[in-house]
1. How many residues does region 134-153 contain that are assigned to a helix (DSSP H, G or I) and either farther than 22 Å from residue 44 by Cβ or open to solvent by 60 Å² or more (accessible area, probe 1.4 Å) (or both)?
2. Do we have residue 58 as hydroxyl-bearing (Ser, Thr, Tyr), at pLDDT 90 or above and under 25 Å from residue 141 (Cα atoms) here?
3. Looking only at region 21-44, how many residues end up being farther than 19 Å from residue 59 by Cα and touching an Asp or Glu at 6+ places or on another chain (Cβ under 7 Å)?
4. Does residue 84 satisfy the criteria of being touching a residue at least 12 places away in the same chain (Cβ under 8 Å), open to solvent by 10 Å² or more (accessible area, probe 1.4 Å) and among the aliphatic types (A, V, I, L, M)?
5. Only one of 63, 44, 14, 98 is open to solvent by less than 50 Å² (accessible area, probe 1.4 Å) and farther than 20 Å from residue 174 by Cα. Can you tell me which?
6. Please verify whether region 22-34 includes one or more residues that are without any contact (Cβ under 8 Å) to a residue 40 or more places away in the chain, in a helix (DSSP H, G or I), open to solvent by 70 Å² or more (accessible area, probe 1.4 Å) and not hydroxyl-bearing (Ser, Thr, Tyr).
7. Restricting attention to region 154-167, report how many residues are more than 15 Å from residue 140 (Cβ to Cβ) and assigned to a helix (DSSP H, G or I).
8. If I ask for residues that are open to solvent by less than 60 Å² (accessible area, probe 1.4 Å), in contact with a Lys or Arg (Cβ under 8 Å, 6 or more places away or on another chain) and of a type outside the set (Phe, Trp, Tyr), which ones from region 160-181 would you list?
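The values are calculated or read from the model by the stated rules, or taken from the named source; none is laboratory data. Keep in mind the model is a prediction, meaning the values are calculated, not measured. As a convention, Cβ positions derive from the backbone with ideal geometry for all residues, glycine included, and neighbour counts pool all protein chains shown. Surface accessibility is based on the protein's heavy atoms, side chains included, excluding ligands, DNA and RNA. Shrake-Rupley method; radii C 1.70, N 1.55, O 1.52, S 1.80 Å.
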Amino acid sequence: MPMFDPITRRLRRLFEVLDSDQDGFVTWSDHRRIVEAYAAGYGLAWDDDRIRALEKAYWALWLGLLTQSEPGREQLDQDEFVAAQRAVGYDAHRPELLENLAEAVFRIMDTQGDKRVSRDEFAAYLSVWGVSGEEAPVVFERLDLDRDAYISQREIARSLRAFHLHNDDLNTPGGIFLGVH
């Protein structure tokens, strides 16, 4: 079995998470299932501005991934997906793809509307994804980069970028915002 660097391993894991029908391809429908999980987990309607923003962010990310493949493609196999995700992470001309996703995720997580995510809000977020409460403090500490006891939108954006770019840690916590845990 080939050995992959941590970024490739994380992106391959993301592919496995997104390919929920296990057909060997990721499509827009697979991305939309993540949005559906947010809506269901938070009890938000499809016309809620937060869900619409999340869907728009995932749609833009999906289109960004497709621009990295052959024209006319509507699905990506694992190798194409990993290459496209790496390109999106490195694309200094399109930083808004991950920034918009971070903003949309943050808006959903910030249930109190105070422009910060508390430990309780983060624990609620993890429960949406079926992550045990005992893991919450450890992941929270890794995400709270400025140690102010809250997670900011900027910290979510940085963790998403780290998921795509940092080669030093297989378990970069940014994956939690993409469904990888």
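1. Here the count works out to 10.
2. no
3. Residues that pass the stated criteria total 1.
4. no
5. Just a single option satisfies the conditions, and that option is 44.
6. Yes, that holds for at least one residue.
7. 8
8. 164, 172, 173, 174, 175, 180
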